[in-house]
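S.K.: Let me begin by handing over the structure; questions about it come next.
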Amino acid sequence: MASSWNGLSFVSAKESYTTLITVLAVTILWTLWSVSGYFRHRNRMPLPPGSFGLPFIGQTIEYVLAMRTADGIRQWMQKQVDKHGPIFRYRFIGYPVVIMDQPEGNKFIFQSEGTSNHIFWPSQMFSLMGRHALTVQTGERHKLVRRYLTRYFDRNAMSRYIRGVNRNAMRHFTNHWQGKEQLAGLDMTNLYTFSTICNLAMSLEEGPQMDKFLEEFLAWTKGLFCFPINLPGFQFYRALKARSVILEVIEGLMEQRRKEIAEDRVPEVKQTDILHSLLTVPDGEGNLFPDPFIKENLLLLLITGFDTSGGILAMTIYYIAKNPSVYKEILKEQKSILEGKRESGTDENELTMEDISAMKYTWNVIQETLRLHPVLVGTYRKTVTDLEYKGYYIPKGWLLSWNNQHSHYNPKYFKDPLKFDPSRWETRPTPFTYLPFGGGPHTCLGNEFARMSMLIFIYHLVQNYSWSLVDPSYDGPFIRDPVARTPDRVSIIVKQIVAS
């Protein structure tokens, strides 16, 4: 028994020794291979300049803190550019990131997406968006889903939606502006954009259910770019809870609609909303989409149509109030459209796509707002192969970041960039310098809908109201969570215009 035990001990020790030697050999070989590859590439070309900072954390904390204000990322970027140049590296949530120069780097990223890089989102985005959402899809799957969803946001779709959006705008001003003397601009624009997209997507009308829905959406959006700490008291935990509530509401509306479809009693007004199409129109292969796909992409469409437009509209109202000459030009343009309707005998409260196209100066004002405070300051792509770019080596697995802050504020492309100047949009900007909605295959799907809904809002606003800031001297800071917004204290004094 003793010898047997000793034999077992000897064998065990021998096997352990062999295993240890094997592990060490593999580790040494892997290290030598990695180091040799690194120096092989470094002998050929260097990594982009910059610093990775602390292990894993890197510059994550300072970057996230910079995201809290609408101007923070621009200032952070400028410090890095002044120190390292237009191409630099840093570390974000454990990943090496390369900020590309602009506009050449933006063009490189967008035109090589799907070949040398693909979309990348931090893990919390998958948790909050869902793995079926268009935003997180890549390759052929992304092409299929985007092709299917594009039908809801092309020009033909806009022509179908315009009457409903216009009707919702008039109802909004009657319910929330009429008789009021002072309003928080952001609250009002959020109410308008949220009710508009809810009505378009699911025929959901204003009321207690929509109010609760909006509250959950605001909590959900604030979790998109926060630290993914899933514990009570943290924003990410609250955002996940909000997501569950939102999906439960959507699921309830889906069950109700399916029952109406089965009983052939779907009201006519609901037959044109996006939910009805998702439940009844098959994809390119003749199959209906599964419930998780429908719920998560409705969630995406709702946030696309609501949060971005609401914040931008509030900022636009602020800039118009700060610039009386801009207000005068907008009023002149909108009155011209109104007079044209009166002369032709058409309903002055009804808008057409031709009217939207005629709002050129008004759109220039919104574009200037978007230049100063874009919906997104940038997103990431992950390299799927080693890259060489402008004399630098970028290893496979690193992140590339397109970014609009250095081009939107670059005097080379936008003269006197800190000045609010809508007239600069009388000429087209240099390609890949103006990217308020992103670019490439993942360009925001709903940007044309956002344009239409914002222009309709301003048409009815300037025809019926004048406004001024409660604090005319206020000049920032503005917040970003994650899109640019006016702070709650930026309120406006409104005065209803009596029709002549």
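S.K.: Taking residue 190 as the residue in question, decide whether it is more than 13 Å from residue 455 (Cα to Cα), modelled with pLDDT under 90 and part of a helix (DSSP H, G or I).
M.R.: yes
S.K.: Tell me the residue from 342, 424, 371, 428 that is surrounded by 13 or more Cβ atoms within 10 Å (Cβ to Cβ), among the charged types (D, E, K, R) and over 22 Å from residue 481 (Cβ atoms), please.
M.R.: From the options 342, 424, 371, 428, the qualifying one is 424.
S.K.: Moving on. Do we have residue 139 as under 22 Å from the mean Cα position of the chain (by Cα), closer than 30 Å to residue 470 by Cα and modelled with pLDDT under 85 here?
M.R.: For residue 139, the condition - under 22 Å from the mean Cα position of the chain (by Cα), closer than 30 Å to residue 470 by Cα and modelled with pLDDT under 85 - is not met.
S.K.: Okay, moving on. What number of residues within region 175-185 are over 9 Å from residue 491 (Cβ atoms) and buried (at least 17 other Cβ atoms within 10 Å of the Cβ)?
M.R.: 1
S.K.: Shifting gears a bit: I need the helices (runs of 4 or more DSSP H) fully contained in region 38-128, keeping only those with at least 1 residues that are touching a strand residue (DSSP E or B) at 6+ places or on another chain (Cβ under 8 Å), free of Cβ contacts under 8 Å to residues at least 60 places away in the same chain and not hydroxyl-bearing (Ser, Thr, Tyr). Spell out the reasoning first.
M.R.: Working: elements: 60-66, 72-84, 104-112.
Correct list: 72-84.
S.K.: (1) more than 29 Å from residue 242 (Cα to Cα); (2) of a type in the set (Ser, Thr, Tyr); (3) assigned to a helix (DSSP H, G or I): which one isn't true of residue 161, the others all being true?
M.R.: (1)
S.K.: Another one. Go over the candidates 426, 448 one by one and state the one that is in contact with a helix residue (DSSP H, G or I) (Cβ under 9 Å, 6 or more places away or on another chain) and modelled with pLDDT of 95 or more.
M.R.: None of the others qualify; the one that does is 426.
S.K.: While we're here: Hey, residue 368 hits all of (1) modelled with pLDDT of 95 or more; (2) in contact with a Ser or Thr (Cβ under 8 Å, 6 or more places away or on another chain) but one; which does it fall short on?
M.R.: With respect to (1) modelled with pLDDT of 95 or more; (2) in contact with a Ser or Thr (Cβ under 8 Å, 6 or more places away or on another chain), residue 368 is out only on (2).
S.K.: Please work out which residue is surrounded by the most Cβ atoms within 10 Å (Cβ to Cβ), limiting yourself to region 132-153 and to residues that are over 14 Å from residue 301 (Cβ atoms) and touching a residue at least 40 places away in the same chain (Cβ under 8 Å).
M.R.: Checking each candidate, the answer is 142.
S.K.: Within region 335-360, work out how many residues are more than 20 Å from residue 158 (Cα to Cα), touching a residue at least 24 places away in the same chain (Cβ under 8 Å) and in contact with a Ser or Thr (Cβ under 9 Å, 6 or more places away or on another chain).
M.R.: 0
S.K.: Follow-up question, since we're still on this one. Search region 156-174 for residues being over 25 Å from residue 495 (Cβ atoms) and basic (Lys, Arg), and hand back the single one that is modelled with the lowest pLDDT.
M.R.: 160
S.K.: A further question follows. Could you tell me how many of the residues in region 242-267 are basic (Lys, Arg) and crowded, with 16+ Cβ neighbours inside 10 Å?
M.R.: Result for region 242-267: 2.
S.K.: Could you list, in sequence order, all residues of region 374-390 that are touching a His at 6+ places or on another chain (Cβ under 8 Å), crowded, with 19+ Cβ neighbours inside 10 Å and either on the phi > 0 side of the Ramachandran plot or not in a strand (DSSP E or B) (or both)?
M.R.: Scanning region 374-390 gives a single hit, 374.
S.K.: Select from region 201-235 the residues that are within 22 Å of residue 273 (Cβ to Cβ) and more than 19 Å from the chain's Cα centre (by Cα) and list them in ascending order.
M.R.: 202, 203, 204, 205, 206, 207, 208, 209, 210, 211, 212, 213
S.K.: Looking at (1) modelled with pLDDT under 95; (2) farther than 30 Å from residue 495 by Cβ; (3) outside any loop (DSSP other than H, G, I, E, B), which is the only condition residue 285 fails?
M.R.: The failed condition is (3).
S.K.: Now a separate question. Considering each residue of region 319-346, count those that are among the aromatic types (Phe, Trp, Tyr) and either closer than 13 Å to residue 461 by Cβ or over 27 Å from the mean Cα position of the chain (by Cα) (or both), and give that number.
M.R.: Of all residues in region 319-346, those among the aromatic types (Phe, Trp, Tyr) come to 319, 327.
Next, only the ones that are either closer than 13 Å to residue 461 by Cβ or over 27 Å from the mean Cα position of the chain (by Cα) (or both) stay: 327.
The number of residues fulfilling the criteria is 1.
S.K.: Name the pairs whose Cβ atoms lie under 7 Å apart, with the first residue in region 212-224 and within 13 Å of residue 306 (Cα to Cα) and in contact (Cβ under 8 Å) with a residue 40 or more places away in the chain, the second of a type outside the set (Phe, Trp, Tyr) and not in a helix (DSSP H, G or I), and 6 or more positions between them or separate chains?
M.R.: Note: pairs meeting the criteria are 221/482.
S.K.: Kindly check whether there is at least one residue in region 255-271 that is within 26 Å of the chain's Cα centre (by Cα) and assigned to a helix (DSSP H, G or I).
M.R.: no
S.K.: Here is a follow-up. So which residues in region 188-209 are touching a residue at least 12 places away in the same chain (Cβ under 8 Å) and either among the hydroxyl-bearing types (Ser, Thr, Tyr) or surrounded by fewer than 21 Cβ atoms within 10 Å (Cβ to Cβ) (or both)?
M.R.: 189, 191, 192, 193, 195, 196, 203, 206, 209 - these are the residues of region 188-209 that are touching a residue at least 12 places away in the same chain (Cβ under 8 Å) and either among the hydroxyl-bearing types (Ser, Thr, Tyr) or surrounded by fewer than 21 Cβ atoms within 10 Å (Cβ to Cβ) (or both).
The values are calculated or read from the model by the stated rules, or taken from the named source; none is laboratory data. What you see is a predicted model; the values in this text were computed from it and never measured. FYI the Cβ positions are ideal-geometry reconstructions off the backbone, even for glycines, and counts take in every protein chain you see.
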